[in-house]
1. Given B:K115/B:K190; A:K86/A:K184; A:K115/B:K190, which pairs have Cα atoms separated by over 25 Å?
2. With each run of n ≥ 4 DSSP H residues scored as -39500 (n - 2.57), what mean residue ellipticity at 222 nm is computed for the protein assembly as shown after dividing by its residue count and rounding to the nearest 500 deg cm²/dmol?
3. For the stretch B:122-128, what does the Karplus curve 6.51 cos²θ - 1.76 cosθ + 1.60, with θ = phi - 60°, yield as ³J(HN,Hα) per residue in whole Hz, taken in order and with x for Gly and Pro?
4. Once the other residues with Cβ under 12 Å from the Cβ of A:L88 are scored (Lys, Arg +1; Asp, Glu -1), what is the net sum?
5. Treating the angle as unsigned and between 0 and 90°, give the value, to the nearest 10°, between the Cα long axis of helix A:198-222 and the longest Cα principal axis of chain A.
6. Using the alpha-carbon atoms, what tilt in degrees (0 to 90, nearest 10) does helix A:14-34 show relative to the longest principal axis of chain A?
7. Treating the angle as unsigned and between 0 and 90°, give the value, to the nearest 10°, between the Cα long axis of helix B:232-246 and the longest Cα principal axis of chain B.
8. Distances from A:P230 to the same position in the other copies: list them in nm, one decimal, shortest first, using label points 7 Å from Cα along Cα→Cβ.
Number of protein chains: 2
Amino acid sequence: MEVSPVAQQGPAGLPWYVAGSQALGLACVVITGVWMGHYRGGYAWDGSSHEFNVHPLCMVLGLVFLYGDAILVYRVFRNESKRSIKILHAMLHLFALIVSIVGFVAVFDFHASSKIPDMYSLHSWCGMVTLVLFCVQWLMGLGFFLFPGASPWLRSWYLSLHVFFGLALFVLAVGTSLLGITEKLLFSIKSTYSTFAPEGVLANTLGLLLVGFGVLVGYIVTREDFRRPPHPEEEALSMHFKTLTEGESPISP
Amino acid sequence: MEVSPVAQQGPAGLPWYVAGSQALGLACVVITGVWMGHYRGGYAWDGSSHEFNVHPLCMVLGLVFLYGDAILVYRVFRNESKRSIKILHAMLHLFALIVSIVGFVAVFDFHASSKIPDMYSLHSWCGMVTLVLFCVQWLMGLGFFLFPGASPWLRSWYLSLHVFFGLALFVLAVGTSLLGITEKLLFSIKSTYSTFAPEGVLANTLGLLLVGFGVLVGYIVTREDFRRPPHPEEEALSMHFKTLTEGESPISP
């Protein structure tokens, strides 16, 4: 069985969409960095508002950009073995998780130093739900797809749930970022926000770019002809599994 | 060709998911109504903050609940003709659009009376993008699917874009509602929000219920076995079209 040119090179247009997503995602990280670095006084780890500034940067880098890229690996690396891509997917998600946890620690530490109550806002509720479910999703993915215990039937049953909830949590992470932007602006520049202060316009633009990144990642992973076609050895394995479960001949068409 | 029992009754579980989505959606509308009615002084159309209160209620009713239900009609009405469902889908969306426009007028009218600048916040930017693209999406849907001009090839090409961007705009509407909740709380109860004031807890709960409604609607419309199967007469039409375009015999298996 030969791999078709489309399977090898990927469908036309896909590289442009992926490049666009990377441009948008990097722009989000850079603008968050500039916002916190230039307008909010830069970064530190001393319990001050400069420690708070680590929070947005880590969340946009971890739970949005790296999370989005971890989702995209199945579309980008089309000719690697499935197992290699699974490991890359899991590693990128783990990296996203570690960066996000640093971001969480930064904000809780800042709250503790400044005697600000925790977990009262909608942003904090959505953020906590996202991070906890993200950990659950990562562990479930590890257990079902990388550990050898799960049967092919169980893997196939969980796959659609993993894909749906993975994308839903990514969207929730983007939405939670927008809530964080709104909260930060109303805490910091409430009096000048309505006069279109440059900081407000920059942060609003960041919000729209985050939406753009989310929409583009969602489009790339859900577009039917962008899906990774099964490779010959996976086809053979899948045929073999079909034979075992349904009694069909592996050489039948 | 006989319609299978699954096609007639729908797959097991679907009615429960739909009932759950309706319970969540109605809870969102009722809680928004109670929040604005009980905590924010009720409704009026006099340029006061009571006119503002019409805005959240209309947006949650129109751009979230009715929009979500308009998406669900293809899963709920499985045995009606495709054309009837299309018309119901378009009518529900039109109703959602009218209710949303009333909500938009309410907030612009309140801003004008109270000399509050328009369109400076991330919430307003996201809301305007959502409403404008929703109008474009509605008109494109009307032109491609209800007017007779578009060729089957063009309809089929546009369908996947219509479905993706329809769902993306619905998610953006839910996200914009969460931004609105955060903005309203930080404008109205900033000093007591961090003490877990009942109004804040109610509004945060509304936010999580909106997320739940969005996730459930997204799950129902993307789950493969919940899709509406093609009906015999549509199959025949589709076969006829295939014959015309590909020269295949309509009676071939």
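Each value in this text was obtained by applying a stated rule to the coordinates, not by laboratory testing. No experiment lies behind these values; they were computed from the predicted model shown. Note that each Cβ is placed from the backbone with ideal geometry, even for glycine, and that neighbours are counted across all protein chains shown.
1. As for pairs spanning more than 25 Å Cα to Cα, those are A:K86/A:K184.
2. Values: 22 runs with 360 residues, N = 506.
Calculated mean residue ellipticity at 222 nm is -23500 deg cm²/dmol.
3. 4, 4, 5, 5, 5, x, 5
4. On the way: positive: A:K82, A:R83, A:K86; negative: A:D69, A:E80.
Combined, the nearby Lys, Arg, Asp and Glu give +1.
5. Tilt of helix A:198-222: around 10 degrees.
6. 20 degrees
7. Rounded to the nearest ten degrees, it is 70.
8. 2.2
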